[in-house]
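Each value in this text was obtained by applying a stated rule to the coordinates, not by laboratory testing. Keep in mind the model is a prediction, meaning the values are calculated, not measured. Positions of Cβ are generated from backbone atoms using ideal geometry, with glycine treated the same way; all protein chains shown enter the neighbour counts.
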Amino acid sequence: MTNIPPKVSIITINFNGTAVTAALLASLQKISYPSIEVIVVDNSNKEPGYQLPIDYPWIKYINTGENLGFAGGNNKGIEAATGDYLFLLNNDTEVAPDFLEPLVNRMESDKQIGVICPKILYYDEPDTIQFAGFSPISPITGRGFSIGYLEKDKGQHDTAMPTSRAHGAAMMFSRAAFDKVGLMAELFFLYYEEMDYCERFKRAGYTIWYEPASKVWHKESISTGKGSTLKTYYYSRNRLLYLRRNTFGIQKLLMYLYYFCIAVPKNLIGYILKADWNHLKAFWKGLIWNFSNTSKDKHDK
C-alpha cells in the first residue's frame, strides 16, 4: 500500500505585482513535492493579475476586488485551502525545488510543532541570510533580532531548532493547529500580524520551528518599498498594538513606561532632526490610532 504524502496548500498574495507573482509560480512549477495546491489571492487595485490563471491554469485564483491586507488576503486563501498543511508564502520569493520535503518531514515527526519556517536568504545575494530563526521578543521593548541576519551562509545555522516566532515571508502551519487557533487577526492589515499569530499558536500549546534544510530566497520590500511612509505608519501602529495584545501583568505596565518614555521620544526626535516631516506624520498617525482603538487589547480578529 502506497503512503499518500500530506497535501500542502501554498497561499500567496498578489498586490500590484503580477510579474513578481508569476516568477514565484514558475519557481513552484519546479518543486519535487508531489501533493500541493497553489492559491493566489489577488488584492490588486491597480494591476489585477487576470493573466495568472491563464498562464498557470493549475492554480486556484481568488480575486478579492479590494486590498484586504496581508492578514485578510491570507485568510481568504486559508478558507479556500484543502491541505493538511497551510503555507503562507510571499509572492516576492522563489524556492528551492526540494524545499517542502524537509518542512513536512519535520512537522510529521512531532505533532506539537504547529508552525515551521525555512531558512530565508536574499534573492539578490543568494548566499546571504535574512532569517535563521528569531530570538524571543522582549515583552517590554517589543524588540528581538533575526538570527544569522546578513551573515554569509557557510552552514553555521544548519541545525533545526525551535524558534520564538515565524517569519511572515514563509511560514507553514498544520491544519490541526489552525483548527485550534483560527484565522489571522485582520485588524493589523500589514506588519506584525504573523507575530501576533505566532503568539496565539504558542498559547494553544504548539511550538514553532526553524528548518534549515529548506531554503527560500526573498526579494525584500517589493510591495511597499524601502523607507515608505506606509511602512512607517503600520510599524508605528502595529508594534504597539502587538504589545498591547500580547503583554500581560506587570510586564504590560513596564512596556507602557518604556514605550512612551523612551521609544516614542527617540523616534520623534530622530524624525525632527532629519526634518523628515512625512515620516514623522506617518509615525504619529500610527501611534494615535492606538488611542482611538483602545478595545483592541482583546483578541479581536
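Counting each DSSP H run of 4 or more residues in the chain as -39500 (n - 2.57), what helix-only mean residue ellipticity at 222 nm follows after dividing by all residues, to the nearest 500 deg cm²/dmol?
-10500 deg cm²/dmol
At R0 = 41 Å, how high is the FRET efficiency between Gln29 and Phe248 if r is their beta carbon distance? Nearest 0.05 is fine.
0.35
Label Glu47 and Thr82 with points 7 Å out from Cα along Cα→Cβ: what is the distance between them in nm?
3.2
What trypsin sites (Lys or Arg not before Pro) does region 1-91 have in DSSP loop regions with at most 16 other beta carbons within 10 Å?
Qualifying residues, ordered by number: Lys30, Lys46.
Set the Förster radius R0 to 45 Å, insert the Cβ-Cβ distance between Asp110 and Ile269 as r into 1/(1 + (r/R0)^6), and round the FRET efficiency to 0.05.
Once rounded, the FRET efficiency stands at 0.45.
In region 11-73, what chymotrypsin sites (Phe, Trp or Tyr not before Pro) fall in a loop by DSSP, with at most 15 other Cβ atoms inside 10 Å?
Tyr50, Trp58
In nm, give the distance between the simple-model label positions of Ala19 and Met161, each being 7 Å from the Cα along the Cα-to-Cβ direction.
Taking the simple label geometry, Ala19 and Met161 are separated by 4.0 nm.
In percent, how large is the relative contact order of the chain, given Cα pairs closer than 8 Å and 6 or more residues apart?
Worked out over the chain, it gives 19 percent.
Just to be sure I understand: of the beta bridges DSSP finds with both ends in the chain, what percent are antiparallel, rounded to 5?
Within the chain, antiparallel bridges account for around 40 percent of the total.
Pick from Trp289, Trp217, Trp277: which is most flexible by mean-square fluctuation in a GNM of the chain where alpha carbon atoms under 10 Å apart are linked?
Trp277
Just to be sure I understand: with springs between alpha-carbon atoms less than 10 Å apart, which residue in Ala282, Ala132, Ala263 has the highest mean-square fluctuation in the Gaussian network model of the chain?
Largest GNM mean-square fluctuation: Ala263.
Computed from these coordinates, which is Rg and Dmax of the Cα atoms in Å: (i) 19.9, 66; (ii) 19.1, 58; (iii) 19.2, 69?
(iii)
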